[in-house]
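Below: the structure, in structure tokens.
The values are calculated or read from the model by the stated rules, or taken from the named source; none is laboratory data. As the structure is a computational prediction, the values presented were derived from the model and not from experiment. Glycine gets a Cβ as well: all are built from the backbone with ideal geometry, and neighbour counts include every protein chain shown.
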Protein chains: 2
Amino acid sequence: MKGKSILITGAGGFTGMHACEYFAGIGMQVYASVRHLDTNVLFGEKIVCDMMHKEQIYAMVRQLQPDYVLHLAGRNSVPESWKEPVSYLETNVMSTFYLLDALREIPKCRTLVIGSKLKFDIRVTSQPPHPYSLSKTMQQMAVNTWVHLFGQFIMLAEPSNLIGPGPSTGICALLARKMVQVERNVTVEPFRLSSTEETRDFLDIRDAVRAYRIILENGKQGQSYPIESGKLLRLGEVFQTFQHYARTPIPVEVAGNDAGIHAPVHHANPFVMNELGWQARIPFDRSVQDIIQYFRNQ
Amino acid sequence: MKGKSILITGAGGFTGMHACEYFAGIGMQVYASVRHLDTNVLFGEKIVCDMMHKEQIYAMVRQLQPDYVLHLAGRNSVPESWKEPVSYLETNVMSTFYLLDALREIPKCRTLVIGSKLKFDIRVTSQPPHPYSLSKTMQQMAVNTWVHLFGQFIMLAEPSNLIGPGPSTGICALLARKMVQVERNVTVEPFRLSSTEETRDFLDIRDAVRAYRIILENGKQGQSYPIESGKLLRLGEVFQTFQHYARTPIPVEVAGNDAGIHAPVHHANPFVMNELGWQARIPFDRSVQDIIQYFRNQ
């Protein structure tokens, strides 16, 4: 892929920042699409584009003619999606329609859309658990449609819970932020843990970005790729790992598990990514140390 | 429903014009929502609202506080949807999201969304036959979501092929228009019939609008209502019926059936509408005569 160009949408986000660094690092021309002019972009060429603005997307694609596209732009908070369901559908669904449709002008382009395991299975139920889930299911339908009706080379990746240094809003980032606040005596409020027994698969963002490259290079048209570390951790273990590295004990309060927010875990088929020669390399403990380091440096 | 108010979107269209006349006729306050100021509205109060413009929709709903909503706005041509897939998704899906979300402010409101039998069954395939089908499936998902997540009183109607006097773009309107052109010596070009053997269910628009009223009044929250005449006609029979009333023979050319455009017929469950006390009353022959009369008067 060296010497080729890649358009990365949502480049200012947690995954986007890592993706720009990675793809620039392997010698690609990186176009980092961000919504606001003042967003900091450290790797690649900054492109300002509002993904809710159809004409801007068509113009951007026509001008850049990218060889590859990594579509990260979107919103991904379940609680927020309850408050602003329409905004979630605009941002996650319509922006994908606009982008995929604009890419019809570049048939050779390979595109990877980042979906979510929190989508719901439309073959089983007509009732999504929350608006975010609806938006990610519809995003997958957009991918299927533009592949099958218009023959485009699009793939979907569905990573598990992404962790690592950077401006994430996931539980590990929240824990690290709380830890640093407690160490600095900024707060004494306990960390609210939804449950100690609930299990999740955590994947380091750097492993995920490497998987995205492999899929973009060698993936099959129209295929969905679940990406997981393969190790389910209890949230209690997650908390203990952070506690282990804390200079001051982190106060904690365990709430009841909110079944309405947490969808059942979909187990991935690890063979799909293993076939492409990928497996997770970074252990959870290493991710945690890097996350803590990131927040201590803020 | 007499004395109550109803907001009818897409009021300038074929169904909308009949719906405004009908609901005004039973003594309702009709708000006829149209996109353009210069659209002719004969019954009800004209409301200008662009259904692609979120803020306009929220403002309209807040101001009118309708007791009932009949959501007809949208586009419904399969060939057009191939040319402008994104526009079809904006018009049929996003406008529905905007409208249903705006109606969260009026919990007592009963809403009927008009779907289509050309939706595809997501439990069976991930591949829609055309973008129009995708848009109507997603519209149904919007209805399910706003019913189940937000508890709104919304229903879906899925009429078969609607016919009757007025500016339709269906096969019967095209046949009547051709007949009148031939009678007036405007054309000698033959009518292109996709197939003589393909069968379709045709339903008079006035029967359909009466069904919409019954559903709005007595339908169940979250229910889908297929609406059909119950009589499948071969396209050859349809042509012969028009030929029978023609003053000059209509030239015809039978093309091969385009399987890519015509989805398989979904058979409705007639009991669902019979339970509500509805059945089709207007025979096909009467519809045809009224359609011909309409185009002769143009």
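Brief remarks on what is shown
- Flag if B:P264 is under 30 Å from B:G277 (Cβ atoms), modelled with pLDDT under 95 and in a loop (DSSP other than H, G, I, E, B): yes
- Unmet criterion (only one of (1) surrounded by 14 or more Cβ atoms within 10 Å (Cβ to Cβ); (2) modelled with pLDDT of 95 or more; (3) of a type in the set (D, E)) for A:E217: (1)
- Test: residue in the range B:194-204 that is surrounded by fewer than 21 Cβ atoms within 10 Å (Cβ to Cβ) and either within 14 Å of chain A (Cβ to nearest Cβ) or among the aliphatic types (A, V, I, L, M) (or both): no
- Among the criteria (1) surrounded by fewer than 20 Cβ atoms within 10 Å (Cβ to Cβ); (2) within 9 Å of chain A (Cβ to nearest Cβ); (3) of a type in the set (A, V, I, L, M, F, W, C), the one B:V78 does not fulfil is (2).
- Among the residues listed as A:V93, A:V30, A:V48, the single one being crowded, with 20+ Cβ neighbours inside 10 Å, of a type in the set (V, I, T) and under 25 Å from A:S5 (Cβ atoms): A:V30
- Matching residues, the range B:227-256, being surrounded by 15 or more Cβ atoms within 10 Å (Cβ to Cβ), outside any strand (DSSP E or B) and in contact with a Ser or Thr (Cβ under 8 Å, 6 or more places away or on another chain): B:E228, B:S229, B:L235, B:G236, B:F239
- The residue list A:A211, A:A259, A:A255 contains one member that is modelled with pLDDT under 95 and within 27 Å of A:Q140 (Cβ to Cβ), which is A:A259.
- Check on B:I6, β-branched (V, I, T), over 26 Å from B:G151 (Cα atoms), in a strand (DSSP E or B) and at pLDDT 95 or above: no
- Every residue from the range B:1-25 that is of a type in the set (A, V, I, L, M), within 18 Å of B:G164 (Cβ to Cβ) and either in contact (Cβ under 8 Å) with a residue 60 or more places away in the chain or surrounded by fewer than 16 Cβ atoms within 10 Å (Cβ to Cβ) (or both): B:I8, B:A11, B:M17, B:A19
- Taking the range A:162-200 as the range and being within 23 Å of the chain's Cα centre (by Cα) and among the β-branched types (V, I, T) as the test, the residues that pass are A:I163, A:T169, A:I171, A:T199.
- Considering (1) within 14 Å of another protein chain (Cβ to nearest Cβ); (2) touching a residue at least 40 places away in the same chain (Cβ under 8 Å); (3) out of contact with any helix residue (DSSP H, G or I) (no Cβ under 9 Å at 6 or more places or on another chain), the lone condition that B:R123 does not fulfil carries the number (2).
- Set side by side, the residues A:V182, A:V143 differ, and just one is crowded, with 18+ Cβ neighbours inside 10 Å and under 27 Å from A:K220 (Cβ atoms), which is A:V143.
- Residue match in the range A:84-107 (condition: under 15 Å from the mean Cα position of the chain (by Cα) and among the charged types (D, E, K, R)): no
- Criterion violated by B:K54 - all others in (1) crowded, with 19+ Cβ neighbours inside 10 Å; (2) of a type in the set (D, E, K, R); (3) away from every other protein chain (no Cβ under 14 Å) satisfied: (3)
- The set of residues from the range A:222-257 being out of contact with any strand residue (DSSP E or B) (no Cβ under 7 Å at 6 or more places or on another chain) and of a type in the set (S, T, Y) comprises A:T241, A:Y245, A:T248.
- Counting the residues of the range A:102-118 that are crowded, with 23+ Cβ neighbours inside 10 Å and within 13 Å of A:F153 (Cα to Cα) gives 5.
- Members of the range A:59-74 found to be more than 18 Å from A:Y22 (Cα to Cα) and surrounded by 18 or more Cβ atoms within 10 Å (Cβ to Cβ), listed by number: A:M60, A:V61, A:L64, A:G74
- Among residues of the range A:221-232 that are of a type in the set (A, V, I, L, M, F, W, C), those with a Cβ under 6 angstrom from a residue that is surrounded by fewer than 15 Cβ atoms within 10 Å (Cβ to Cβ), sequence gap 6+ or separate chain, pair up as A:L232/A:T199.
- Residue within the range A:142-160 that is closer than 14 Å to A:N76 by Cβ and without any contact (Cβ under 8 Å) to a residue 40 or more places away in the chain present: no
- Complete set of residues in the range B:138-149 that are over 11 Å from B:V113 (Cα atoms) and more than 8 Å from chain A (Cβ to nearest Cβ): B:W146, B:V147
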